[in-house]
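Each remark here refers to the structure printed beneath this line.
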Amino acid sequence: MENPKPDHPQDLLYLKQFVKQHPDNKMGWYLLGKHYLRAGKEGKANYCFIQAGDIYDAFEQESHPLAVSSDQLAELKAWEKRVKRKRLLRNVTVIAVPLMLLAFLMPSIENGRHGRLDDSAPMLTSAEPGLGVVLVPRKETEPAGYAFGEVMNAGGAAPANVIAAHLEEKSGWKQWSGNARLLLELDRSGETGLYEVTMLDRVACNCEPSDAKFAKDRFEEWKKEQEQHWTLASAITHYKRMYGKWPKSLDSLIRPYPNNILAGESDGMAALFPMLLSKLKQAAADKGAAKPQASGSKGSADGQGQAAGSPSIGTNGLFQPDWSKPLEIVVDVSNHTLAVIHNGLIVRGYRVGLGGDKTPEGSFFISEKVRDPNGGDGIFGSRGMTLSNTLYAIHGTDDPDSIGKDESLGCIRMGEADVQELFDLVPLGTAVQIKNGTLPPDAETPTDRFRLAPRQDETNPAKVYRWLT
C-alpha cells in the first residue's frame, strides 16, 4: 500500500461534512480518524475509530496503516451519491458551532437529545458571559455527546468557555460540595472562533485525557461565584415578596436588624446586583409576576421552595438558569441533617442537634436573623434565626456534644462554624421545611466557607431570647 499523501483541507472538510450527514457510515469515521491521527490529535482520532467499529478492526490488522487516498475518497463520494438517490438528507443548522464539532460528536448528540435519563438535571452558568458549566446527569450514557448537545442547543448564546462535569450523587441528591468529576472543556477564545475540545476524563473519551488542574481551579472559582449569585438572587426575591417592590440597590438588602435581609457583602456583589435584578424582573414578567405575600405569614414559606429533589431548569438549559428559585433549607429529623437546597442540589449539608418529637415537622420561614443573641456567649451561640415568629429557631450552641442527638426542647442546634456560614448564606425570608426521611445522612461541608463581610449592626441587645433550646 502506498504511503499516505499529505492531508488536503478540502478532503478533511468533506470528511467532516460526510460523517455529519451519514453518522452510520463506519468507513467515513475511520478515514476522518486517520486524518486526526496524522495531525497529532489522538483523542479526536480515537473517538472516530470507536465510531468506525469493525471497519477499524479490519484495516488495522493489516501490516500497514490505511492511507487516505484519492481513490478511497472517490469511492466514498460515490457511495454518498447512491444514498442521496434513495432518500433526502437531513439538513442540520447550528448557530455559532463549527462544522468540526458537529462531525466530532454528532451520534452522541443525537442519542443524548432523544434518550436522556434525567431531563430535570440542572444546567448552570455564571454571570460571566465567557464561562458556562454543564452538569451532566450521572445516568447519562454519553456524557460528551450530552454536553455538546447543550452547547449546540444554545446556538449563538453559547459562552466561549464551557466545562462539563458530573457532580457526586447520594440518595438521588446532587452534592454541590462533593467530589466532582470533570469530563471535558470547550474553548473558542482563539482567533479562529472555533471550539477547541479538551478531554479531561479517561472514561468519557476512552483516551489519555489532558491535565485537568487548570480546569479544576476554574470550576472551583465558578462554584464560589455561583454561591454568591444564589444568595444575592434569593435576597432580591425575598425583598420583593416582603415589600411588594424591587430593591433599588444592594444597600436596600444590607440594613441593620431587624431588616437585615443580607448579612453583609462579598467582593463583586455590588457589581453583580444590576444584572441579577434585571434577570429577576424579566423572569417575573415572563411568569406573570405572582402577587407578593406578606413577610409575616406562614403561607409565604409554603410557596417559596420547590419540592426537594425535584429540580427544574430554564427553557434553554445550560444558559438560562432560573434565578427566581431562591435557596431553601430542609431539615431531616431522621438523621439530624440540615441542608441548603437550590434547584435539586444540596449546596451545603450540616449535622444538627434536634429535640426528637419536640421538633415540629412542617413548613416555616426565617422571620428574624440576629447576631450574638443574648450577648453571644450563652446557650444560643453567636447566631440565631427565628422560624415563622415562633419560639423555634436555628441557632448555635454552647454544647457541641449535643450535635447529632435529640437533646433540645425543639430548636435546631448547629456548630458555631456551621451556623455562622448558614447565617451568611441564606437571607431573611428563606423557606424552611422540617421533614422525616428526606436527605442523605452524610453531610457535605467544604473547607472553604461562604462568608459575607458585615456592614450593619445585626444585634438586638434590647431583647432576651427564650427559644426552645
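Coordinate-derived values only; no laboratory data. Predicted model, so just to flag it, every value in this text is computed and none were measured. Note that each Cβ is placed from the backbone with ideal geometry, even for glycine, and that neighbours are counted across all protein chains shown.
Annotation: region 156-268 has a Kirkwood hydrodynamic radius of 17.3 angstrom, from the mean reciprocal C-alpha pair distance. If R0 equals 45 Å, the separation of the Cβ atoms of Asn436 and Ala160 corresponds to a calculated FRET efficiency of about 0.45.
Annotation for Arg449 and Leu194: the two label points, set 7 Å from Cα along the Cα-Cβ direction, are 5.0 nm apart. Multiplying the residue separation of Gln17 and Glu416 by 0.36 nm and subtracting their alpha-carbon distance yields 137.6 nm. Protection proxy ranking, highest mean first, for peptides 408-414, 14-20: 408-414, 14-20, where packing is the per-residue count of other beta-carbon atoms within 10 Å, averaged. For the pair region 325-388 and region 394-415, the centres of their Cα atoms are 10 angstrom apart.
Within region 31-52, what residues put their amide N at less than 18 Å from the label point 7 Å along the Cα-to-Cβ vector of Asn206? Under cut-off, by backbone N: 31-37, 41-52.
Across the cross-link table entries Lys287/Lys435; Lys224/Lys248; Lys26/Lys213; Lys248/Lys325; Lys170/Lys281, which are compared at the Cα atoms, the separations over 31 Å belong to Lys26/Lys213; Lys170/Lys281. Under the simplified labelling scheme, the Asp399-Tyr243 pair shows an inter-label distance of 4.0 nm, with each label point 7 Å from Cα along Cα→Cβ. Full extension of the chain between Phe214 and Ala462 yields a length gain of 84.2 nm, computed as 0.36 nm times the residue separation minus the alpha carbon distance.
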